[in-house]
Amino acid sequence: MLKTGILNPHINSLLSRVRHTNTLVIADRGFPFWPDIETIDISLVDDSPRVIDVLCAVRTNFNIGNLVMAEEFCTNNPRHIVERWIELSNGTKLMFEPHIEFKQRISQAIGIIRTGDSTPYSNVIVESA
């Protein structure tokens, strides 16, 4: 039985299948369903867990190369939330692009982890290094 790290067996399985330059999406509660992409829904209640919580948990066992978010995240959230994301990127390249371009990347993802986050545009594409 696992005692530390990611305890969810579905997330562990998904992470173990991500290879160099593959991507994984950690999404908010309003993220649309993509029928061709494995989705693990861990939403519990409003804002639990948050995308940033899942990213912090995943990064302990995952070699992240890049993070991609929609530009609209910066314009639709208070400055302190944006600054927290930049701080928690911890030196990992964090790129922002128009939401329309962000959505075009989704179809290439290995999987999606859906959270209960209600923060506008808090979805993140995590690219493996």
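Derivation of every value follows stated rules applied to the coordinates shown; laboratory data play no part. Quantities reported herein were computed from a predicted structural model and do not represent experimental measurements. Because the Cβ atoms are built from the backbone with ideal geometry, glycine has one as well, and the counts that use them run over all protein chains shown.
The modelled label-to-label distance between C56 and N77, using points 7 Å beyond Cα along the C-beta direction, is 1.3 nm. Summing charges over all other residues whose Cβ lies under 10 Å from the Cβ of D53, with Lys and Arg as +1 and Asp and Glu as -1, gives -1. Positive contributions from Lys and Arg (+1) and negative ones from Asp and Glu (-1), summed over other residues with Cβ under 12 Å from the Cβ of V25, come out at 0. Springs join every pair of Cα atoms under 10 Å in this Gaussian network model of the chain, and among V45, V68, V58 the largest mean-square fluctuation is at V45.
If only the Cβ of Lys and Arg carry +1 and only the Cβ of Asp and Glu carry -1, the dipole of the stretch 39-129 around its Cα centre is close to 200 debye.
Can you tell me how much longer the chain between S48 and D36 gets when fully stretched, taken as 0.36 nm per residue apart minus their C-alpha distance, in nm with one decimal? It would help to have the intermediate numbers written out before the result.
Numbers: separation 12, 0.36 × 12 = 4.32 nm, distance 2.53 nm.
Contour length minus the Cα-Cα distance gives 1.8 nm.
Along its three principal directions, the equivalent ellipsoid of the chain from the Cα gyration tensor extends over semi-axes of 21, 16, 16 Å, largest first.
Taking T115, T23, T60 as the candidate residues, the one with maximal mean-square fluctuation in a Gaussian network model of the chain, Cα springs under 10 Å, is T60. Counting only alpha carbon atoms, the long axis of helix 79-88 and the longest principal axis of the chain meet at about 40°. Structural descriptor for the chain: relative contact order 50 percent, calculated from alpha carbon pairs under 8 angstrom and at least 6 residues apart. Cα centroids of the stretch 1-42 and the stretch 64-102: 19 Å apart. Per-residue ellipticity at 222 nm computed for the chain from its helices equals -8000 deg cm²/dmol, with DSSP H segments shorter than 4 residues left out and the rest contributing -39,500 (n - 2.57).
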